[in-house]
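Quick note: the coordinates plus some simple rules give every number you see, no bench work behind them. It should be emphasised that the depicted structure is a prediction, and the values quoted were computed from it without experimental measurement. For neighbour counting, all protein chains shown are included, and Cβ atoms are generated from backbone atoms with ideal geometry for every residue, glycine included.
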Amino acid sequence: MSKVNGKKTSQEPEKIRAMFGSIAGRYDVLNRVMSARLDVGWRRRTARQAIEPGDTKFLDVACGTGDLTLDLAAAAGEGAQVIGLDFTPEMLRLAKDKQPSISWVEGDGMNLPFPDDTFDVLTIGFGLRNMISYEGGLREMRRVLRPGGRLAVLECSHPEGLFMRTVYMPYFKHILPRIGATLSRQSAYKYLQESVLEFPDRRELAAMMSDCGFSEVRHEPLTFGAVALHIGRK
Ligand SMILES: C[S@@+](CC[C@H](N)C(=O)[O-])C[C@H]1O[C@@H](n2cnc3c(N)ncnc32)[C@H](O)[C@@H]1O
């Protein structure tokens with residue numbers, strides 16, 4: 001299989017954008033059904049954990065339909081400047097419908113349209129694994145953070161131990177693609193499976209963040225490690 005920067009070429013931006021464009025209208029429902037609504041709590045926790053007193057400028061990268069951006073705005077409170085950025089216009093349109101007052105920007109997370117040292121906090125929820133280079137995305141997000149600012153990465157992970165063997169893997173391999181195929185296009189959920197399986201595990205992602213210049217990297221498993229939250233400081 002051909003690779004670009006260690007990633008499969010099936011993760012070319014055009015293909016990713018077309019895929020998310022085709023499932024945008026069902027994205028929120030699929031999320032709720034496939035995670036049994038646990039995704040709501042994962043995003044809320046991400047927003048709350050990333051923020052420190054005095055933070056005012058926030059960017060949610062790969063914001064999709066905007067749920068994490070809205071959690072960020074709620075946790076940040078009044079006076080905060082919150083931007084949601086995504087490269088799929090169909091997803092952004094739905095985000096804008098939810099909250100027109102937030103600034104929604106069409107742009108590429110690999111080449112962010114902001115100067116260096118701009119934001120106090122960046123978040124990315126279920127977006128990093130779609131990028132053609134994980135390291136390239138992490139370094140670009142670090143560039144626009146101010147020194148001392150934090151990046152929070154919420155992403156699917158690899159649960160370990162008994163839970164993984166007995167509950168999660170059968171669900172992930174057999175049931176989740178069927179739910180996906182029933183509610184949406186099968187190829188999108190085949191892609192979901194592949195992109196999760198090839199994404200680094202918790203410790204590998206923490207090491208990658210450190211290699212990309214983040215310090216004080218901490219990580220926690222959510223829902224037995226099916227999902228993980230990593231936070232690192234510039
Ligand atoms: C699985 S969705 C996650 C959406 C949202 N963050 C959430 O928590 O549900 C992934 C999103 O990443 C976006 N995306 C993937 N690669 C991107 C890139 N290089 N730049 C901007 N957005 C990207 C897709 O358009 C899609 O909306």
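Side notes on the structure shown:
- Answer residue from the stretch 51-63, given it is surrounded by fewer than 24 Cβ atoms within 10 Å (Cβ to Cβ) and within 20 Å of PRO113 (Cβ to Cβ) and is farthest from the ligand (Cβ to nearest atom) among those: THR56
- Of all residues in the stretch 93-119, those that are closer than 24 Å to TYR134 by Cβ and away from the ligand (no atom under 11 Å from the Cβ) have Cβ atoms under 9 Å from Cβ atoms of residues that are in a loop (DSSP other than H, G, I, E, B) and among the hydrophobic types (A, V, I, L, M, F, W, C), 6 or more apart or on another chain, in THR118/LEU112.
- Of the residues making up the stretch 104-121, not a single one is more than 19 Å from ARG139 (Cβ to Cβ), among the hydroxyl-bearing types (Ser, Thr, Tyr) and in contact with a strand residue (DSSP E or B) (Cβ under 9 Å, 6 or more places away or on another chain).
- Single residue of LEU85, LEU72 found to be buried (at least 22 other Cβ atoms within 10 Å of the Cβ), over 29 Å from ARG178 (Cβ atoms) and more than 8 Å from the ligand (Cβ to nearest atom): LEU72
- ARG129 being buried (at least 22 other Cβ atoms within 10 Å of the Cβ), touching a residue at least 24 places away in the same chain (Cβ under 8 Å) and assigned to a helix (DSSP H, G or I): yes
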